[in-house]
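*Asks:* Mind having a look at this structure? Questions to follow.
The values are calculated or read from the model by the stated rules, or taken from the named source; none is laboratory data. On a predicted model such as this, the values are computed, not experimentally measured, just so you know. Note: ideal-geometry Cβ built from the backbone for every residue, glycine included; neighbour counts use all protein chains shown.
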Amino acid sequence: MWYLSPILLSAPAFSAQFTLASRDFTNNGFVSRRYEYRGFGCHGQNVSPELSWTGVPRGTTTFILTVFDRSAVRLTKSGWWHWVVFNIPVSVHRLPEDASLRGLPRGAVEGRTDYGSIGYGGPCPPKGGPAHQYVFTLYALTRRLSLSAGATGAEVTYMARQDAIGRAHLVARFKR
């Protein structure tokens, strides 16, 4: 089950107006298992959720979206990257459900997940364990990244932090 953390995070150095949201999370926070990964013992449909953002900082020229399982640090010592999308055009303020499979906006590039593939990789925490926290982060940048498709989450976020003028977070939890 998915559920949203009741707290939306924002970095103090960035605009508190820059927000990230999803209509695919219900009012009580739970979402369909369709967003769960298909593989590694998980049986979801691996559909990326719809995401939208508002309050874009002045000077933004491109966006980066990452999804990171910070709870996986207990298992992997480094967490787990579930989705990396960079060079999203500044004119885009929404990714529809299943954007990873159906097609991202022209110019947007997907990186490699820790599943070893390019594109969205849904949650798949160990069965019977505690809920994992999935941090959806949207960065507003002043310039496009000069990275190739398949860049890792670590590479993309390292580069993002150099030119980020805004950052919005949404935290969701999932348990099997």
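*Asks:* What about L65, is it in contact with a strand residue (DSSP E or B) (Cβ under 9 Å, 6 or more places away or on another chain), modelled with pLDDT of 95 or more and under 21 Å from Q17 (Cα atoms)?
*Replies:* Here the answer is yes, as L65 does meet what is asked.
*Asks:* Consider only pairs whose beta carbons are under 6 Å apart and that are at least six residues apart or on different chains; among these, list those whose first residue lies in region 37-55 and is outside any strand (DSSP E or B) and whose second residue is among the hydrophobic types (A, V, I, L, M, F, W, C) and modelled with pLDDT under 95.
*Replies:* Pairs found: Y37/C124; F40/C124.
*Asks:* Just to verify a result, which residue in region 153-172, among those that are within 13 Å of the chain's Cα centre (by Cα) and of a type outside the set (A, V, I, L, M, F, W, C), is farthest from D69 (Cα to Cα)?
*Replies:* Among them, the one singled out is R167.
*Asks:* I88 fails exactly one of the following numbered conditions: (1) without any contact (Cβ under 8 Å) to a residue 40 or more places away in the chain; (2) over 15 Å from the mean Cα position of the chain (by Cα). What is the number of that condition?
*Replies:* Every condition holds for I88 apart from (2).
*Asks:* Identify, please: which residue in region 82-102 is in contact with a strand residue (DSSP E or B) (Cβ under 6 Å, 6 or more places away or on another chain) and buried (at least 17 other Cβ atoms within 10 Å of the Cβ) and is, among those, nearest to S22 (Cα to Cα)?
*Replies:* Among those that are in contact with a strand residue (DSSP E or B) (Cβ under 6 Å, 6 or more places away or on another chain) and buried (at least 17 other Cβ atoms within 10 Å of the Cβ), it is L95.
*Asks:* If you check V73 against the conditions, is it crowded, with 20+ Cβ neighbours inside 10 Å and either over 24 Å from T61 (Cβ atoms) or touching an Asp or Glu at 6+ places or on another chain (Cβ under 7 Å) (or both)?
*Replies:* Against the criterion (crowded, with 20+ Cβ neighbours inside 10 Å and either over 24 Å from T61 (Cβ atoms) or touching an Asp or Glu at 6+ places or on another chain (Cβ under 7 Å) (or both)), V73 does not qualify.
*Asks:* Quick check, is E155 crowded, with 17+ Cβ neighbours inside 10 Å and in a helix (DSSP H, G or I)?
*Replies:* In short, yes.
*Asks:* Do you know which residues across region 56-91 are closer than 24 Å to F25 by Cα, of a type in the set (V, I, T) and in a loop (DSSP other than H, G, I, E, B)?
*Replies:* The answer is V56, and nothing else.
*Asks:* To continue, here is another question. Name every residue in region 92-115 that is under 16 Å from I64 (Cβ atoms), not in a loop (DSSP other than H, G, I, E, B) and not β-branched (V, I, T), in order of residue number.
*Replies:* Matches in region 92-115: R94, L95, A99, S100, E110, R112.
*Asks:* Which condition from (1) of a type in the set (S, T, N, Q); (2) within 22 Å of S52 (Cβ to Cβ); (3) part of a loop (DSSP other than H, G, I, E, B) is the one that Q133 breaks?
*Replies:* Failing condition for Q133: (3).
*Asks:* For residues that are surrounded by fewer than 21 Cβ atoms within 10 Å (Cβ to Cβ) and not hydroxyl-bearing (S, T, Y), tally how many sit in region 34-67.
*Replies:* Result for region 34-67: 15.
*Asks:* Tell me yes or no: at least one residue of region 129-138 is at pLDDT 95 or above, over 18 Å from F68 (Cβ atoms) and among the polar types (S, T, N, Q).
*Replies:* No, there is no match, as no residue in region 129-138 is at pLDDT 95 or above, over 18 Å from F68 (Cβ atoms) and among the polar types (S, T, N, Q).
*Asks:* When you scan region 113-136, how many residues do you find that are buried (at least 21 other Cβ atoms within 10 Å of the Cβ) and of a type outside the set (A, V, I, L, M, F, W, C)?
*Replies:* The total comes to 8.
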